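Have a look at the structure below before the remarks.
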């Protein structure tokens, strides 16, 4: 049986800001670009006490917590803190699956430190994070990834919760079905219409009924309700794409997007340089003032070899947008996808594609 630890850094971006600026400690901190259409990237626990949450419109967050400190995000520092945390994880196992900058799965069925239990490993990692990085992390310990992730959220912040194989049968039934991965608002409402609100009630449904109602995901629900998750910790997940977006404070015509496209292209070029593979496809994303999404992409015969070449391709994709010149846009994004190994130098036929 596997021993899985899920590490989740507490209010990560905001905690890094509070760590690095003593004046922010103990204060409500909102990490966001301060603009009319900005959304909250992260909120300290002091700000969360006022109801502020990630992805909330910044204007609403300010109304909920008018005395909050608004701090622009500094992803370079967050990435450095994340890298340092992963170096700590690597002292205990090579089986590490990062989910984002602030969380990761670790398979510690066998650990490098020779500690007798996964719980001891989680305790040691959390102590090192606090001592060496001056940050806190919550951890969940369980026999699989699904349960470990639920456990890490159980005693946040700065908490540890263990689900042993023996107590899975008593731990799961009282949980809301909304705690199961993949159960969003629509699925939860559909389950409610079936009279299912808890995992225990879900356990009473036959797999055939669930499959009829939810397709293949119904079988996944049947397994999750019983604590079954055979997915392994994928320690070598490869990047599929990198992208960056900008939402404008005021809608603008396409002709005025060049400065933002240049800046976004520079950002993703820098990010892509950290990968061991190269991206073949450049993507331009636009959202109109009516919230319609348009994408244009181009795969040149060889990958972009410089930031300037990437910028030129992204700008040229604007010319493939055939809407009225008076059309206004509220968002623009630039992305790189179709990553390939560096040694793969096979020539491909250029591809032009578009969708709305």
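The values are calculated or read from the model by the stated rules, or taken from the named source; none is laboratory data. Everything numeric in this text was worked out from a predicted model, so none of it was measured. Here the Cβ positions follow ideal geometry from the backbone for every residue, glycine too, while neighbour counts run over all protein chains shown.
So residue 251 clears everything in (1) surrounded by fewer than 18 Cβ atoms within 10 Å (Cβ to Cβ); (2) closer than 30 Å to residue 338 by Cα; (3) in contact with a strand residue (DSSP E or B) (Cβ under 6 Å, 6 or more places away or on another chain) except one condition, right? Which one?
Every listed condition holds for residue 251 apart from (2).
Starting from residues that are surrounded by 15 or more Cβ atoms within 10 Å (Cβ to Cβ) and under 16 Å from the mean Cα position of the chain (by Cα), keep the ones in the stretch 70-80 and report whichever is nearest to residue 133 (Cα to Cα).
78
With respect to the numbered conditions (1) within 24 Å of residue 74 (Cα to Cα); (2) part of a loop (DSSP other than H, G, I, E, B); (3) modelled with pLDDT of 90 or more, which one is the sole condition not fulfilled by residue 310?
(2) is the only condition that residue 310 fails.
Would you check which residues across the stretch 204-213 are within 30 Å of residue 166 (Cβ to Cβ) and either in contact (Cβ under 8 Å) with a residue 40 or more places away in the chain or not in a loop (DSSP other than H, G, I, E, B) (or both) and list them?
Within the stretch 204-213, 207, 208, 209, 210, 211 qualify.
Regarding the stretch 144-152, can at least one residue be identified that is under 23 Å from residue 2 (Cβ atoms) and exposed (fewer than 13 other Cβ atoms within 10 Å of the Cβ)?
Checking the stretch 144-152: not a single residue is under 23 Å from residue 2 (Cβ atoms) and exposed (fewer than 13 other Cβ atoms within 10 Å of the Cβ).
Looking at 163, 150 in this structure, which one is over 22 Å from the mean Cα position of the chain (by Cα), assigned by TED's automatic domain parsing to the domain that holds residue 118 and within 21 Å of residue 123 (Cα to Cα)?
163
Return yes or no: is residue 224 without any contact (Cβ under 8 Å) to a residue 24 or more places away in the chain and either buried (at least 18 other Cβ atoms within 10 Å of the Cβ) or closer than 29 Å to residue 86 by Cβ (or both)?
No, not satisfied.
Considering (1) out of contact with any helix residue (DSSP H, G or I) (no Cβ under 8 Å at 6 or more places or on another chain); (2) surrounded by fewer than 21 Cβ atoms within 10 Å (Cβ to Cβ); (3) over 19 Å from residue 156 (Cβ atoms); (4) at pLDDT below 95, say which one residue 58 fails and leave the rest.
Looking at each condition in turn, residue 58 falls short on (2).
Just to confirm my filter: which strands (runs of 3 or more DSSP E) fall fully inside the stretch 34-108 and include at least 1 residues that are free of Cβ contacts under 8 Å to residues at least 60 places away in the same chain and over 25 Å from residue 7 (Cβ atoms)?
Of the strands (runs of 3 or more DSSP E) lying wholly inside the stretch 34-108, those with at least 1 residues that are free of Cβ contacts under 8 Å to residues at least 60 places away in the same chain and over 25 Å from residue 7 (Cβ atoms) span 69-71.
Regarding the stretch 161-170, can at least one residue be identified that is touching a helix residue (DSSP H, G or I) at 6+ places or on another chain (Cβ under 8 Å), assigned to a strand (DSSP E or B) and under 25 Å from residue 222 (Cα atoms)?
Within the stretch 161-170, one or more residues are touching a helix residue (DSSP H, G or I) at 6+ places or on another chain (Cβ under 8 Å), assigned to a strand (DSSP E or B) and under 25 Å from residue 222 (Cα atoms).
Is there a residue being touching a strand residue (DSSP E or B) at 6+ places or on another chain (Cβ under 8 Å) and closer than 30 Å to residue 124 by Cβ anywhere in the stretch 170-189?
Yes, some residue in the stretch 170-189 is touching a strand residue (DSSP E or B) at 6+ places or on another chain (Cβ under 8 Å) and closer than 30 Å to residue 124 by Cβ.
Looking at the stretch 126-142, can you tell me whether even one residue there is outside any strand (DSSP E or B) and closer than 18 Å to residue 233 by Cα?
no
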